[in-house]
1. Go through the residues of region B:150-166 one by one and say whether even a single one is under 22 Å from A:L102 (Cβ atoms) and buried (at least 22 other Cβ atoms within 10 Å of the Cβ).
2. So, in region A:158-178, how many residues would count as being modelled with pLDDT under 85 and either among the β-branched types (V, I, T) or farther than 17 Å from A:G337 by Cβ (or both)?
3. How many residues does region A:295-327 hold that are facing chain B (nearest Cβ under 10 Å), over 21 Å from B:A278 (Cα atoms) and open to solvent by 10 Å² or more (accessible area, probe 1.4 Å)?
4. Being open to solvent by 30 Å² or more (accessible area, probe 1.4 Å) and touching a His at 6+ places or on another chain (Cβ under 8 Å) is the requirement here; does A:L330 meet it?
5. Are any residues in region A:60-69 surrounded by 20 or more Cβ atoms within 10 Å (Cβ to Cβ) and within 11 Å of DNA strand C (Cβ to nearest atom), and if so, which ones?
6. Tally up the residues in region B:264-288 that are surrounded by fewer than 24 Cβ atoms within 10 Å (Cβ to Cβ) and closer than 21 Å to B:R190 by Cα, please.
7. Can you pull out every residue in region B:285-322 that is closer than 20 Å to B:D194 by Cα and among the β-branched types (V, I, T)?
8. Return yes when A:S75 is modelled with pLDDT of 90 or more and either more than 26 Å from A:V322 (Cβ to Cβ) or open to solvent by 50 Å² or more (accessible area, probe 1.4 Å) (or both) and no when it is not.
2 protein chains.
Amino acid sequence: MVHDPRAPAARRVVDEEARGAGSGASLDDVARLAGVSASTASRALNNHPQVAAATRERVLTAAAGLDYVVSPEASRLAGGTSRARVAVVVPHLSRWFFGRLLEGLEAGLHEGAGPGVDVLLFLVGDVAGRRAFFEQLPARRRVDAAVVVGFEVDEAERARLELLGVHIVSAGGPREPFPSVTVDDHRAARQAVDHLVHLGHRRIALLASEDPADRGPDLRSTGYRDALADAGPEPDDDLVVRVPFGGPGGAEGMGRLLGLRRPPTAVFATADEIAGGAVRTLRRAGLRVGADVSVVGIDDHPVAEVLDLTTVAQPVHEQGLVAGRMVRALLAGDAPGAVTSRILPTHLILRGTTGPPP
Amino acid sequence: MVHDPRAPAARRVVDEEARGAGSGASLDDVARLAGVSASTASRALNNHPQVAAATRERVLTAAAGLDYVVSPEASRLAGGTSRARVAVVVPHLSRWFFGRLLEGLEAGLHEGAGPGVDVLLFLVGDVAGRRAFFEQLPARRRVDAAVVVGFEVDEAERARLELLGVHIVSAGGPREPFPSVTVDDHRAARQAVDHLVHLGHRRIALLASEDPADRGPDLRSTGYRDALADAGPEPDDDLVVRVPFGGPGGAEGMGRLLGLRRPPTAVFATADEIAGGAVRTLRRAGLRVGADVSVVGIDDHPVAEVLDLTTVAQPVHEQGLVAGRMVRALLAGDAPGAVTSRILPTHLILRGTTGPPP
DNA sequence: AGTCTGACCGCAAGCGCTTCCACGCGGACC
DNA sequence: GGTCCGCGTGGAAGCGCTTGCGGTCAGACT
């Protein structure tokens with residue numbers, strides 16, 4: 001921003017430069033070329049029924065010839081209809097889960113007819129970034145809806161958005177009091193651990209992400225705990241290992257477990273990516289995965305297929321899809337209360353990394 | 001807000017509904033509450049030096065109390081400073097490469113001080129979607145710059161954007177006549193294949209993605225061909241297999257190679273994800289990867305680490321980062337010619353899936 | 001003491017568009 | 001043959017903000 005009052009011209013020049021050549025054609029130009037008034041030109045361009053076909057044609061031609069594009073600012077400001085804007089807030093993008101979910105979200109947001117929406121991307125890795133998002137959003141940008149992916153929104157944040165009239169939906173995170181779509185992580189973990197129990201395992205380890213932000217209150221860990229509690233084996237804290245998210249973390253955690261006096265016969269990892277690392281360590285140690293030691297993960301990440309990893313699949317793309325539809329419903333005027341949250345089912349996929357204990 | 005008793009009220013109501021509760025506070029409200037004129041309020045909010053500290057304080061307090069947020073439309077329309085908008089155009093999101101690159105891009109776009117930018121996400125999977133993007137962009141939305149990730153932009157498309165004053169930069173795709181950042185895929189392929197050649201392999205297969213859109217004109221394949229041509233082994237079409245991108249594709253392609261009368265002793269896959277599938281097939285077939293058959297990929301995808309896969313790493317995050325900086329330079333007024341394209345280096349990472357032929 | 005200089009502030013003019021209203025006009029009607 | 005009607009159009013009023021310009025004071029000068 002230039003404060004010097006003597007420099008209006010300068011600012012304009014900078015502006016032009018910054019914005020590029022920028023077609024300068026305005027609605028008035030189009031109207032003039034078509035020999036009509038701006039009002040008529042506007043009506044013609046907006047497909048108003050009240051303009052004569054011939055006139056409309058003339059206006060459209062003029063607009064095309066001038067490479068005219070409406071100024072979205074002016075249009076929206078003047079009360080014209082304009083595409084909705086939705087913010088997508090994600091903590092990561094390089095993890096498969098988030099990318100995949102976003103693909104579904106995109107599909108859900110654009111499916112059907114309608115005017116379509118613009119998607120604003122906000123990558124808020126850490127808590128600070130998240131807080132900044134919720135504080136800044138109002139300050140300068142403005143969206144009609146926000147979908148948060150994979151993390152919990154606290155009440156204050158939600159209230160702030162609602163105050164601004166921003167719809168909010170959550171996908172792939174914890175259950176929320178507002179429209180959300182997710183899976184039952186607690187149950188998914190139980191499916192995984194129950195499977196190990198049914199195979200006869202008693203010493204089952206937990207390999208969990210140490211990042212508290214991952215999957216909110218760690219339902220997958222409590223699912224593990226509850227499954228064990230029901231099954232009989234008394235908990236052994238040595239068998240619970242927390243590691244950084246990802247393959248290297250899993251590999252290192254598995255190493256620690258192998259160093260135990262009484263190593264586990266099976267391992268439940270809270271994510272396939274962690275499980276993958278564990279598998280690698282086991283193989284390197286010369287152990288046969290699925291025979292000497294069983295490993296099960298969650299997600300059905302592509303790596304699971306490659307590793308022949310038993311896992312509990314969750315419908316990631318679909319969570320995004322459903323969330324996208326929810327946003328559209330909200331944007332169409334449905335009351336938030338009328339948009340029902342959904343919990344999508346998960347299911348065990350049997351592959352080669354699990355088997356009875358040796 | 002005064003309500004005209006007649007028709008306008010109806011419009012307003014619809015608006016309110018569509019936009020949600022929407023705080024109604026306008027600049028005038030703030031000004032009134034603070035006991036100043038709108039001009040002064042505006043200046044105070046925009047940190048203009050010409051307002052008395054006490055006044056500014058009063059305005060800020062009023063604004064906070066009213067939960068006031070500027071209307072970006074009005075602000076931008078009136079010539080106020082506003083954050084730039086950049087479109088990010090990607091063909092996929094669930095693939096690691098794109099997500100990872102976008103993380104770098106985000107970082108590059110937001111680094112340093114400056115006003116920051118808004119990122120509009122466009123997911124254009126197929127050619128039709130891409131075409132639609134380049135045609136639609138002008139129609140309704142408006143961005144200041146676009147970065148295309150991982151695909152080629154044809155001259156007509158580029159010209160269209162330039163006409164509209166939209167800067168464009170390319171990342172992770174082919175080299176372009178406009179600012180772009182990428183790696184030398186041809187060279188990367190050579191690094192991989194040369195490695196196999198140096199180990200003594202003569203029958204080296206190519207496992208390539210069949211999607212012609214992947215990596216544009218398939219430089220990795222030609223890199224393979226050229227490396228072989230230089231090394232001596234005469235080309236054998238049986239050893240060239242094209243498969244759908246991904247693990248399953250790689251697995252199936254490897255199966256085909258294994259069925260050959262004279263199977264290869266080494267395989268070069270144009271992506272780690274494909275290589276991963278190949279490794280799986282080999283293991284299932286009871287072959288020792290790295291001893292009986294060597295496999296090398298490209299990318300240094302996380303799966304490579306887990307599979308202990310030899311690969312040629314490319315700096316994905318950094319490509320995004322550099323692209324983001326280029327956009328900022330362009331937005332700051334640098335001429336496109338002054339922003340030099342970059343080709344980032346790749347390097348071989350030796351792991352366990354390659355070794356001398358049996 | 002009179003003038004001058006700034007610091008602060010209000011006025012008003014738009015930014016480019018949409019929409020309400022009024023208006024002219026030709027045909028359908030009695 | 002004069003109304004009435006409705007279609008197609010232009011005029012004008014904003015949407016909410018920014019900013020050049022000019023006015024109003026308080027001190028700081030001479």
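The values are calculated or read from the model by the stated rules, or taken from the named source; none is laboratory data. Quick caveat: nothing in here was measured; it's all calculated off a predicted structure. Virtual Cβ from ideal backbone geometry, glycine too; neighbours counted across all protein chains shown. Quick note on the areas: whole protein, heavy atoms, side chains included, nothing else; ligands and nucleic acids left out. Shrake-Rupley method; radii C 1.70, N 1.55, O 1.52, S 1.80 Å.
1. Looking through region B:150-166, at least one residue is under 22 Å from A:L102 (Cβ atoms) and buried (at least 22 other Cβ atoms within 10 Å of the Cβ).
2. Matching residues across region A:158-178 total 3.
3. Total satisfying the criteria: 1.
4. no
5. A:A63, A:Y68
6. Of the residues in that region, 1 qualify.
7. B:V289, B:V293, B:V295, B:V296, B:I298, B:T310, B:T311, B:V312, listed by residue number.
8. It is true that A:S75 is modelled with pLDDT of 90 or more and either more than 26 Å from A:V322 (Cβ to Cβ) or open to solvent by 50 Å² or more (accessible area, probe 1.4 Å) (or both).
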